[in-house]
Every structure is written in structure tokens, then in C-alpha cells.
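The values are calculated or read from the model by the stated rules, or taken from the named source; none is laboratory data. Predicted, not measured: the structure shown is a model, and the values here were computed from it. Positions of Cβ are backbone-derived with ideal geometry, glycine not excepted, and every protein chain shown enters the neighbour counts.
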Amino acid sequence: MNLSIWLQSQWQKRGIYAWLMLPVSLLYCVVMSLRREAYESGLLKTHKIAVPVIVVGNLSVGGTGKTPLVIWIARQLARKGLKPAVISRGYGGRAKEYPMPVDAETPAAISGDEPAMIARSLGCPVVIDPDRVGAANWLVERNLCDVIISDDGLQHLALGRDLELAVITSDRVAGNGFCLPAGPLRESAHRLKSVDVVISRKRGSELTSHYMDLIPGECARLDNPAMRLPLSAFWKSPVHAIAGIGNPEAFFESLTTAGLEIIPHSFPDHYDYTPVDISFDDDLQVLMTEKDAVKCSDFANRHCWAVTVSVEGDEGILEAVMKKITEINDNG
């Protein structure tokens, strides 16, 4: 079993591995707490950006749906006449210099899979840089936006922010509830108390009244994206389902809930695919996430399809974002 997949399985339970790693996790939590206090006290500098900054992130390693939420927020802001831009670390990419603008033609191998997915989904500027302050200032200096959305920037405390949104998966926040390396949490669950808007993927969460669902929609053929079919077109026979995301089971469950019979294939998050990974000794169709598709489009065959998703969230999420932006703009 791949090490990454094995770790994900260990992080879902409080087994021997988790208890053995717990002392290291406690030390990790202390370090993270001291780091946060250093920024809050001014010992480490937080950089204020000249336009509103909305941070979307999570407390855990792996997928909770934050990138689709970033895309959804950017689209909603654009519809209201704003000029949003997205900044990201560019994890897994191999850019030669930063900041680096990303567009629909940028290979995922250069930008990282999530920025490539965002750029292909949106018409707004997307910039990657491990130093998110540098990416934000690059956008502002060129007058390319009037609001910035930081994808997965909850722990990047050097970047000043006006609103924080955190996506969680359940009432236990994520997995076994332990911090790294015993569990998947990057920070203690207590961090949620300082987050402005907590959004759960589970309706009726005890931790928040805000929720979002990811709804699978049309499937686009990788070698011809203009060709689209509804999920119901794949009811006739089993399909291979591929997911190299933080929570592959969520993708598989969404397909089975939609009535498909799947043969699941899990890969580590941000996996670097090869043609062999998506080729099978049969004529069955192959369905994958949009995040996986941006890395497979160059060598995919006619059997490969990307399942598009849409975000269905409660009205309070966008209301909170717009309220904060309006407050900032009104105060000049």
C-alpha cells in the first residue's frame, strides 16, 4: 500500500499508530500555538494588503472541498460586479520563478493541480507563489483585482486577512481529531473559535450552522471537453472511478449515490499520473475528478471523463463575504 494512503487510513482511527505519535503531535501543537502568538503579538510581521483578502482553508491535511468553494465564491463575486483574483501556493508545481500567473493553458505540472483547475474554471486572474504576500502584492500593483481569495491559506499567517472561512467534514473536524503526525489536523480544533465562518460538509453539524454540498453534474470527455454527458448516461455498465484527492471515498460515494456502479481506484493526493494509471484491460468508461483531469488530459483516451461539481451552499456564506467586503470598502 502507498505510504500516503496508509497514513490516511491511520488518521481515520485512534489506533496504535495514532497513540504512538501523540507525544509528537502535542509538541507540534505547542509549536503552532507559539507561532500564532508570535504573529498576534507583532513579533512576526503580518502584511496588510490594499484590497480585501478572503482566506478559504481547512484545519486538516487532505480534501474537504475548499477549492470548489473558492471557485464558487469567485464566480459569485464576479456576478456582483467585483474583480476577484485567486492566489495559491501552487503545491506540486514546478514553476521556475514566482509570482507566476496561471491561465487555462498552463500545464498542471508547472502550476500544481489545484491552481490549474481554478484557472480552467474561472476567467479571473490566478497567481501562485509559496509567499502568498508576494502573490497578493503582485496582483494589487498591476490593478488586476479588487478582492483576493487565498486558496488554502489558513495557516499562512504572514498574509493579512479580512475574513477567514474554514471547511470541515464533520463534527470531529477531520479524521481521528489528532494533530500531525498522529492525525490529519494542521492545527488544534480550538482554532475554529477564531475563524469567521465555519462551513461543514455535513448538514446539521453541532459546530456550525453553515453547510455546503458538492453536487456532481455533467461529465466532460478529456480528449474533447466540448462533449458532455449527464451522469445518468453511465448507468448502463460499471465504470472505473479514479480519485487522487484528499478524500477519495467522498468522490466514490457521490457516484454511487448518483446510481453508478463503480470500480474504485484510489491514489494519493496530488498524485502525478501516467498513462498506465488510467488505462485498463477493458472497454469500460473511466470517471475522475476535475482535479485529476487537469493532469491526465494530455494523454487521456476517449474513455476518460471528468465529473464536474457544483457547490450548493447556504445563503449565509456569501452574505458574510459580501458584508465584510462592503464594510471595508465603505471605510475606505
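Consider only pairs whose beta carbons are under 8 Å apart and that are at least six residues apart or on different chains; among these, list those whose first residue lies in the stretch 275-292 and is on the phi < 0 side of the Ramachandran plot and whose second residue is among the polar types (S, T, N, Q) and surrounded by 22 or more Cβ atoms within 10 Å (Cβ to Cβ).
Close Cβ pairs (under 8 Å, with a partner that is among the polar types (S, T, N, Q) and surrounded by 22 or more Cβ atoms within 10 Å (Cβ to Cβ)) amount to Lys291/Thr67.
List the number of the failed condition for Thr64; all other conditions in (1) crowded, with 24+ Cβ neighbours inside 10 Å; (2) closer than 15 Å to Ile148 by Cβ hold.
For Thr64, the failing item is (2).
Quick one: in the stretch 114-156, of everything that is in contact (Cβ under 8 Å) with a residue 12 or more places away in the chain and of a type in the set (D, E, K, R), which residue is farthest from Gln76 (Cα to Cα)? Outline the logic, then answer.
At the first step, the residues of the stretch 114-156 found to be in contact (Cβ under 8 Å) with a residue 12 or more places away in the chain are 114-140, 144-156.
From the residues that got through so far, the ones that are of a type in the set (D, E, K, R) too are 114, 120, 129, 131-132, 146, 151-152.
Numbers: Glu114: 19, Arg120: 16, Asp129: 24, Asp131: 26, Arg132: 23, Asp146: 14, Asp151: 16, Asp152: 19 Å.
The residue in question is Asp131.
If you scan the stretch 249-302, which residues turn out to be closer than 21 Å to Asp113 by Cα, in a loop (DSSP other than H, G, I, E, B) and under 23 Å from the mean Cα position of the chain (by Cα)?
Once the filter is applied, which keeps residues that are closer than 21 Å to Asp113 by Cα, in a loop (DSSP other than H, G, I, E, B) and under 23 Å from the mean Cα position of the chain (by Cα), the stretch 249-302 yields Phe267, Pro268, Asp269, His270, Tyr271, Asp272, Tyr273, Thr274, Ser297, Asp298.
Consider only pairs whose beta carbons are under 9 Å apart and that are at least six residues apart or on different chains; among these, list those whose first residue lies in the stretch 250-265 and is touching a residue at least 24 places away in the same chain (Cβ under 8 Å) and over 12 Å from His240 (Cα atoms) and whose second residue is polar (S, T, N, Q) and surrounded by fewer than 15 Cβ atoms within 10 Å (Cβ to Cβ).
Pairs that qualify, where the first residue is touching a residue at least 24 places away in the same chain (Cβ under 8 Å) and over 12 Å from His240 (Cα atoms) and the partner is polar (S, T, N, Q) and surrounded by fewer than 15 Cβ atoms within 10 Å (Cβ to Cβ), are Ala258/Ser232; Gly259/Ser232.
Of the numbered conditions (1) on the phi > 0 side of the Ramachandran plot; (2) surrounded by 16 or more Cβ atoms within 10 Å (Cβ to Cβ); (3) without any contact (Cβ under 8 Å) to a residue 40 or more places away in the chain, Gly204 fails exactly one; give the number of that condition.
All conditions are met except number (2).
Can you go through Val127, Val173, Val167, Val102 and tell me which one is on the phi > 0 side of the Ramachandran plot, among the β-branched types (Val, Ile, Thr) and crowded, with 24+ Cβ neighbours inside 10 Å? Please lay out each step first, then the result.
Details: Val127 fails: on the phi > 0 side of the Ramachandran plot; Val167 fails: on the phi > 0 side of the Ramachandran plot; Val102 fails: on the phi > 0 side of the Ramachandran plot.
Being on the phi > 0 side of the Ramachandran plot, among the β-branched types (Val, Ile, Thr) and crowded, with 24+ Cβ neighbours inside 10 Å holds for just one of Val127, Val173, Val167, Val102, which is Val173.
Kindly check whether there is at least one residue in the stretch 219-239 that is charged (D, E, K, R), farther than 25 Å from Ser9 by Cβ and touching a residue at least 12 places away in the same chain (Cβ under 8 Å). Write out each step before concluding.
Taking the stretch 219-239 as the starting set, the residues that turn out to be charged (D, E, K, R) are 221, 223, 228, 236.
If we keep only those that are farther than 25 Å from Ser9 by Cβ too, we end up with 221, 223, 228, 236.
Still in the running and touching a residue at least 12 places away in the same chain (Cβ under 8 Å): 221, 223.
Yes.
Within the stretch 291-316, can you find the residues that are surrounded by 21 or more Cβ atoms within 10 Å (Cβ to Cβ) and charged (D, E, K, R)?
Lys291, Asp292, Lys295
Those residues that are small (Gly, Ala, Ser) and in a helix (DSSP H, G or I), I need them from the stretch 41-80; list them, please. First the steps, then the outcome.
Just the residues of the stretch 41-80 that are small (Gly, Ala, Ser), to begin with: 41-42, 50, 57, 60, 62-63, 65, 74, 78.
If the condition is that a residue be small (Gly, Ala, Ser) and in a helix (DSSP H, G or I), then Ser41, Ala74, Ala78 are the ones that fit.
Test of understanding: among Pro130, Pro115, Pro125, which residue is outside the structural domain of Val294 (by TED's automatic domain parsing), over 16 Å from the mean Cα position of the chain (by Cα) and modelled with pLDDT of 95 or more? So that I can check it myself, show each step before the final result.
Values: Pro130 fails: over 16 Å from the mean Cα position of the chain (by Cα); Pro115 fails: over 16 Å from the mean Cα position of the chain (by Cα).
Of Pro130, Pro115, Pro125, the one residue that is outside the structural domain of Val294 (by TED's automatic domain parsing), over 16 Å from the mean Cα position of the chain (by Cα) and modelled with pLDDT of 95 or more is Pro125.
Would you confirm, using the coordinates I've provided, whether Glu261 is in contact with a Pro (Cβ under 6 Å, 6 or more places away or on another chain), modelled with pLDDT of 95 or more and assigned by TED's automatic domain parsing to the domain that holds Cys219?
Numbers: in contact with a Pro (Cβ under 6 Å, 6 or more places away or on another chain): yes; modelled with pLDDT of 95 or more: yes; assigned by TED's automatic domain parsing to the domain that holds Cys219: yes.
Criteria met by Glu261.
Out of Ser237, Ser205, which single residue is in the same structural domain as Leu27 (by TED's automatic domain parsing) and part of a loop (DSSP other than H, G, I, E, B)? Walk me through how you get there before you give the answer.
Details: Ser237 fails: in the same structural domain as Leu27 (by TED's automatic domain parsing).
Step by step, each of Ser237, Ser205 is checked, and only Ser205 is in the same structural domain as Leu27 (by TED's automatic domain parsing) and part of a loop (DSSP other than H, G, I, E, B).
Closer than 29 Å to Ile73 by Cβ, touching a helix residue (DSSP H, G or I) at 6+ places or on another chain (Cβ under 9 Å) and part of a loop (DSSP other than H, G, I, E, B): which single residue out of Ile215, Ile199, Ile245 fits that description? Don't jump to the end; show me each part of the working.
Details: Ile215 fails: part of a loop (DSSP other than H, G, I, E, B); Ile199 fails: part of a loop (DSSP other than H, G, I, E, B).
Exactly one residue qualifies, and that residue is Ile245.
Could we say that Arg120 is under 27 Å from Asp213 (Cα atoms), among the charged types (D, E, K, R) and not in a strand (DSSP E or B) here? It would help to see each step written out before you state the result.
On the way: under 27 Å from Asp213 (Cα atoms): yes; among the charged types (D, E, K, R): yes; not in a strand (DSSP E or B): yes.
So Arg120 fits the description; yes.
Pick from Tyr28, Tyr91: which is under 29 Å from Leu318 (Cβ atoms) and not hydrophobic (A, V, I, L, M, F, W, C)? Working first, answer last.
Details: Tyr28 fails: under 29 Å from Leu318 (Cβ atoms).
Just one listed residue meets the conditions, Tyr91.
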